[in-house]
Amino acid sequence: MTELFDNRYQFVKDLGRGGFGKVFLAIENRSDALVAIKQLNSQDKSKQDGIIHEMRMISKFNHPHIVNYKHHFIQDELLYIVMEYCPLGSLRNIQKKEAIVSEFVWKWMDQLTETLELIHSYKVVHHDIKPDNILFTENRTLKISDFGVANKDIGTIAYMSPESFYVGLETVNDARVDVYALGVTLLELLTRSNPFA
């Protein structure tokens, strides 16, 4: 393991990467706890400030089905977000490893809809609900993660609502785009295939 981020953390391994950055597994030296650290690619200060604002808002929820965001810091002009580590990985990973029984599908959908209802009541629209952004703790507690594009007119194409593609239609603050994405996720869980992939 190597020292990382002014000796506060020790790098363990890469967990994944995407269009907005990459995620590491690290050990917090002070507590020996495992944490996930997301590094954002963009050095744009306004984008970083927007993400920090969303993280602070989400952290206030302290909700059992939302990933706990611990804090953030800037190093070499890049933004790093320190988050709760969910060792079972994403719903996408679980889909690949095992056949998911319908009992769990409906239980998870119930938890997701209730959590999204709370998020939406605070005027936050996730904009990227999909199996990759639904994580699980060691005891299989479901957590919504990755609010990096919340309230932005962007998302993952296979989960975006049709109106999101029309110029002139305002969907940035429309919570129904999350409901649509959750519906696509439900179809994917039940049929083991994304209808728009």
Examine the stretch 120-127 for a residue that is over 27 Å from A36 (Cα atoms), of a type in the set (A, V, I, L, M, F, W, C), in a loop (DSSP other than H, G, I, E, B) and in contact (Cβ under 8 Å) with a residue 40 or more places away in the chain, and state whether such a residue exists. no
Cβ-Cβ below 8 Å, separation at least six or inter-chain, first residue in the stretch 40-66 and within 21 Å of I119 (Cα to Cα) and in contact (Cβ under 8 Å) with a residue 40 or more places away in the chain, second among the aromatic types (F, W, Y) and open to solvent by 50 Å² or more (accessible area, probe 1.4 Å): which pairs? M57/Y122; F61/Y122
Condition first: surrounded by 18 or more Cβ atoms within 10 Å (Cβ to Cβ), touching a strand residue (DSSP E or B) at 6+ places or on another chain (Cβ under 8 Å) and among the small types (G, A, S). Can you find one or more residues in the stretch 37-44 that meet it? no
In the stretch 138-182, what residues are modelled with pLDDT of 90 or more, over 25 Å from M57 (Cβ atoms) and not in a loop (DSSP other than H, G, I, E, B)? I157, A158, P162
With the requirement that a residue be in a loop (DSSP other than H, G, I, E, B) and open to solvent by 10 Å² or more (accessible area, probe 1.4 Å), what does the stretch 128-137 give you? D128, K130, T137
Please find, within the stretch 45-70, the residue that is nearest to F136 (Cα to Cα) out of those that are in contact with a His (Cβ under 9 Å, 6 or more places away or on another chain) and either surrounded by 19 or more Cβ atoms within 10 Å (Cβ to Cβ) or modelled with pLDDT of 90 or more (or both). M55
Yes or no: F73 out of contact with any helix residue (DSSP H, G or I) (no Cβ under 7 Å at 6 or more places or on another chain), more than 25 Å from I157 (Cα to Cα), surrounded by fewer than 16 Cβ atoms within 10 Å (Cβ to Cβ) and modelled with pLDDT of 90 or more? no
Please count how many residues of the stretch 14-41 are at pLDDT 85 or above and outside any strand (DSSP E or B). 6
Regarding V184, is this residue within 18 Å of the chain's Cα centre (by Cα), open to solvent by 20 Å² or more (accessible area, probe 1.4 Å) and more than 22 Å from M55 (Cβ to Cβ)? no
Check the stretch 154-171 and report whether any residue there is surrounded by 14 or more Cβ atoms within 10 Å (Cβ to Cβ) and in contact (Cβ under 8 Å) with a residue 40 or more places away in the chain. no
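Yes or no, residue by residue, for (1) open to solvent by 20 Å² or more (accessible area, probe 1.4 Å); (2) of a type outside the set (D, E, K, R); (3) under 16 Å from the mean Cα position of the chain (by Cα); (4) under 13 Å from I144 (Cα atoms):
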site	(1), (2), (3), (4)
I81	no, yes, yes, no
E84	yes, no, yes, yes
S90	no, yes, yes, yes
Q95	yes, yes, no, no
I100	yes, yes, no, no
V105	no, yes, no, no
L112	no, yes, yes, yes
T115	no, yes, yes, yes
Y122	yes, yes, no, no
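The values are calculated or read from the model by the stated rules, or taken from the named source; none is laboratory data. Nothing here was measured: the structure is a model prediction, and the numbers come from that model. Using ideal geometry, Cβ is built from the backbone for each residue, glycine included, and neighbour counts are taken over all protein chains shown. Heavy atoms of the whole protein, side chains included, go into the accessibility calculation; ligands, DNA and RNA do not. Shrake-Rupley method; radii C 1.70, N 1.55, O 1.52, S 1.80 Å.
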